[in-house]
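Report on the structure given below.
The values are calculated or read from the model by the stated rules, or taken from the named source; none is laboratory data. All values reported here derive from a predicted model rather than from experimental measurement. Every residue, glycine among them, receives a Cβ derived from its backbone with ideal geometry; neighbour counts consider all protein chains shown.
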Amino acid sequence: MYDADQRKLLSALAHGSIFFNAAIVSIVLPIALMSSSNDPVVKENAKEALNFHLTIWIYAAVAIVLAIACFLLSFALAPLKDQAAGLIVALFGIAWLLFAVIVTLGFAVPWVLAIVAVVQCMSNPDQPYRYPFIFRFIS
């Protein structure tokens with residue numbers, strides 16, 4: 001039988017690693033827990049946290065590329081300002097809207113989902129938490 005307090009702590013650390021740093025520590029901690037723990041629930045929580053980090057990075061990269069593409073397209077159409085003025089304004093507005101959504105959701109959603117995961121792990125330590133809408137690269 002596995003220690004419930006240790007299971008709670010390690011599972012909460014795996015999901016809460018997103019609060020430590022957005023780069024190295026947030027990935028290293030779930031990898032370390034996944035490879036060093038013998039507890040199957042802790043391993044599943046670490047895998048899920050790692051998948052969550054990778055998915056968030058992919059979503060952010062795609063959104064940033066789309067925003068940059070809209071900015072570049074609006075500037076590329078600038079010489080045609082008389083013929084395509086409405087399109088330029090629309091693309092520039094879409095680019096700023098995408099940027100605002102990236103900044104807002106890019107910080108808020110991962111933090112809220114990580115808090116939900118930590119609370120779930122603390123209240124129900126015998127069941128791994130599963131994030132919604134993520135890619136599961138590591139199974």
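Considering the range 114-139, the residues that are part of a helix (DSSP H, G or I) and not polar (S, T, N, Q) include one that is farthest from the chain's Cα centre (by Cα), namely M122.
Would you mind stating whether L50 is aliphatic (A, V, I, L, M), modelled with pLDDT of 85 or more and within 27 Å of F137 (Cα to Cα)?
yes
Residues in the range 86-94: is at least one within 30 Å of V28 (Cβ to Cβ), out of contact with any His (no Cβ under 6 Å at 6 or more places or on another chain) and of a type in the set (G, A, S)? Looking through the range 86-94, none of the residues is within 30 Å of V28 (Cβ to Cβ), out of contact with any His (no Cβ under 6 Å at 6 or more places or on another chain) and of a type in the set (G, A, S). Mind listing just one residue for me: the one in the range 40-61 that is over 8 Å from the mean Cα position of the chain (by Cα) and of a type outside the set (A, V, I, L, M) and, of those, farthest from V28 (Cα to Cα)? That would be P40.
Select from the range 7-47 the residues that are in contact with a Leu (Cβ under 8 Å, 6 or more places away or on another chain) and among the small types (G, A, S) and write down the one among them that is modelled with the lowest pLDDT. Let's see the steps before the verdict.
To start, the set of residues in the range 7-47 that are in contact with a Leu (Cβ under 8 Å, 6 or more places away or on another chain) comprises 10, 13-14, 17, 20, 27, 29-31, 33-34, 37, 39, 42-43, 45-46.
From what is left, the residues that are among the small types (G, A, S) are 14, 17, 37, 46.
On the way: A14: 87, S17: 83, S37: 87, A46: 91.
Selected residue: S17.
Per-residue answers, yes or no, for (1) closer than 26 Å to L50 by Cα; (2) at pLDDT below 75:
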residue	(1), (2)
K81	no, yes
L97	no, no
V101	yes, no
L105	yes, no
P110	yes, no
V116	yes, no
M122	yes, no
P125	yes, no
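Evaluate the following for A32: is it surrounded by fewer than 20 Cβ atoms within 10 Å (Cβ to Cβ) and over 14 Å from the mean Cα position of the chain (by Cα)? Steps first, please.
On the way: surrounded by fewer than 20 Cβ atoms within 10 Å (Cβ to Cβ): yes; over 14 Å from the mean Cα position of the chain (by Cα): yes.
It is true that A32 is surrounded by fewer than 20 Cβ atoms within 10 Å (Cβ to Cβ) and over 14 Å from the mean Cα position of the chain (by Cα).
Here D39 meets each of (1) free of Cβ contacts under 8 Å to residues at least 40 places away in the same chain; (2) charged (D, E, K, R); (3) touching a Ser or Thr at 6+ places or on another chain (Cβ under 8 Å) with one exception, condition (3). On inspection, N51 does not qualify as touching a residue at least 40 places away in the same chain (Cβ under 8 Å) and touching a Cys at 6+ places or on another chain (Cβ under 8 Å). Say whether the condition of being in a helix (DSSP H, G or I), modelled with pLDDT of 75 or more and within 21 Å of the chain's Cα centre (by Cα) is met by at least one residue in the range 86-94. No: zero hits.
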